[in-house]
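Laboratory data are not the source of any read-out in this text; all were calculated from the coordinates shown. Here the structure is a predicted model, which means the values were calculated and not measured. Every residue, glycine as well, gets a Cβ built from its backbone with ideal geometry; the counts of neighbours run over all protein chains shown.
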């Protein structure tokens with residue numbers, strides 16, 4: 001039986017602003033998948049469905065899991081606040097489907113259910129600030145290069161759009177809203193009305209009316225939508241109003257209008273209207289103006305799509321056992337990253353790169369040319385191997401390299417690390433990783449379910465000793481494949497092992513400390 005994906009926008013979060021279709025879709029679903037905060041908002045509308053909730057940056061895993069469950073025949077609701085098609089989950093769900101070769105007539109059914117977007121809900125609380133042409137711009141540069149966001153702000157400011165800024169600030173992103181204000185002040189009066197709406201139609205709703213010059217003196221965060229008026233927006237009795245232009249056509253204070261409808265578009269009524277020229281169409285006038293700009297000999301204009309820059313993330317290392325970078329490799333990194341990219345040295349002896357580029361394939365080719373081992377970034381498998389005493393203890397290196405070739409970079413429900421030690425000293429700490437492999441006396445010991453962070457961090461459970469080298473790669477592959485197939489999105493391997501109790505025949509035994517430890521505010 002074919003499943004179905006219901007991509008639901010439930011509006012600002014209050015029950016009275018959720019559409020009838022959205023309510024029905026939630027109740028007819030077998031499974032609800034969404035960001036935990038959003039799941040909590042609609043919990044009262046559910047009737048016992050299976051729920052998968054994940055953190056703020058886990059959108060891709062949510063979309064992938066939703067598609068997987070729908071392909072198994074389930075009716076899956078993927079929820080977004082606001083409208084699912086405005087910075088929501090609709091586009092990402094389609095991207096995952098397209099990547100799998102999905103077709104509308106043969107694949108799982110998809111229904112996108114619209115909701116009230118933040119620009120609409122916040123505008124209603126402020127008055128009528130988006131009565132004229134408006135646009136939305138997200139200030140999050142997590143997925144879009146900041147240089148491109150700057151261009152969009154500049155263009156919208158010049159064109160006198162009313163602007164709604166989404167994701168204006170977070171704990172780590174503080175400069176973007178300041179830069180946006182600086183750009184806007186180049187084109188707008190400091191007294192331009194600005195509305196700051198936090199948690200519209202939710203329990204902690206707050207509304208601040210301020211100006212473009214004064215906006216940074218007020219609290220702005222991830223739950224805030226910033227609405228910036230255009231050159232005609234004004235405040236009246238605490239309402240933010242943007243005229244649409246009716247005052248040009250009508251005298252609002254008079255019951256009897258001085259001009260009839262057929263008279264209002266005459267040149268004398270609207271001097272700014274395009275003057276009609278005998279035997280010359282408006283298109284001809286526009287074409288003539290274009291010719292003057294491009295040159296008299298220009299007969300045809302070719303519109304060229306400007307390449308769109310994206311942020312390409314990749315992890316690089318000298319190799320599985322090799323931990324030494326060459327000068328050529330370091331110079332190549334500096335050239336590729338340049339002034340606008342970033343490099344971060346990780347605990348896994350990798351360097352994570354963020355490179356603004358229009359050609360990721362060229363970046364990959366240049367890195368591979370100088371001998372780098374490349375791996376994707378995100379919820380993937382990473383092999384952490386020791387240096388095998390600088391290669392002197394080399395007997396197990398081929399098995400580490402085989403694991404890397406087979407499993408390295410595999411997409412999983414959550415990031416996963418295999419620790420690999422080339423001798424019984426285990427000085428590289430393999431036993432603390434999700435899967436720990438220790439080479440000892442010509443065979444391998446296997447550890448499962450380690451936890452490296454948190455106050456209840458612990459080593460993995462030793463599940464087997466003396467595994468033959470000929471068996472280790474296949475065995476680890478089966479363990480990883482089982483986790484990939486049965487793990488929940490955002491579920492770390494040690495939690496998965498504890499939940500399912502048995503992985504590839506290895507029974508779970510609780511090796512965490514018996515002392516009850518209160519969870520830290522930021523997690524576990």
Inter-label distance, nm, simple model (7 Å from Cα along the C-beta direction), residue 415/residue 509: 3.1
Estimated distance in nm for a label pair at residue 374 and residue 455, the labels positioned 7 Å out from Cα along Cα-to-Cβ: 4.3
Inter-probe distance in nm under a simple model that places probes 7 Å from Cα toward Cβ, at residue 50 and residue 234: 5.9
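Fewest Cβ neighbours within 10 Å first, please rank 93, 431 accordingly.
Neighbour counts put them in this order, fewest first: 431, 93.
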Rg followed by Dmax, in Å, when the stretch 13-67 is reduced to its Cα trace: 11.3, 30
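Can you give the extra length, in nm with one decimal, that the chain gains between residue 334 and residue 185 once fully stretched, where that is 0.36 nm per residue apart less the Cα-Cα distance? List each step's numbers first, then the result.
Numbers: separation 149, 0.36 × 149 = 53.64 nm, distance 3.53 nm.
That works out to 50.1 nm of additional length.
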Packing-based exposure ordering (other Cβ within 10 Å, fewest first) of 427, 504: 427, 504
Calculated FRET value between residue 488 and residue 343, using beta carbons and R₀ = 30 Å, to 0.05: 0.35
Cα pair distances in the stretch 418-479, grouped into 10 Å bins until the bin that holds the longest one, percent each: 25, 56, 17, 2
Cβ-Cβ FRET estimate between residue 199 and residue 19, R0 fixed at 25 Å, reported to 0.05: 0.80
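Can you compute the FRET efficiency between residue 499 and residue 392 using 1/(1 + (r/R0)^6), with r the Cβ-Cβ distance and R0 = 41 Å? Round to the nearest 0.05.
0.50
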Debye equation applied to the C-alpha atoms of the stretch 362-505, log10 I(q)/I(0) at 0.18, 0.19 Å⁻¹: -1.05, -1.15
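Fewest first, what order do 310, 81 take by the number of other Cβ atoms within 10 Å?
In increasing order of surrounding Cβ atoms, one gets 310, 81.
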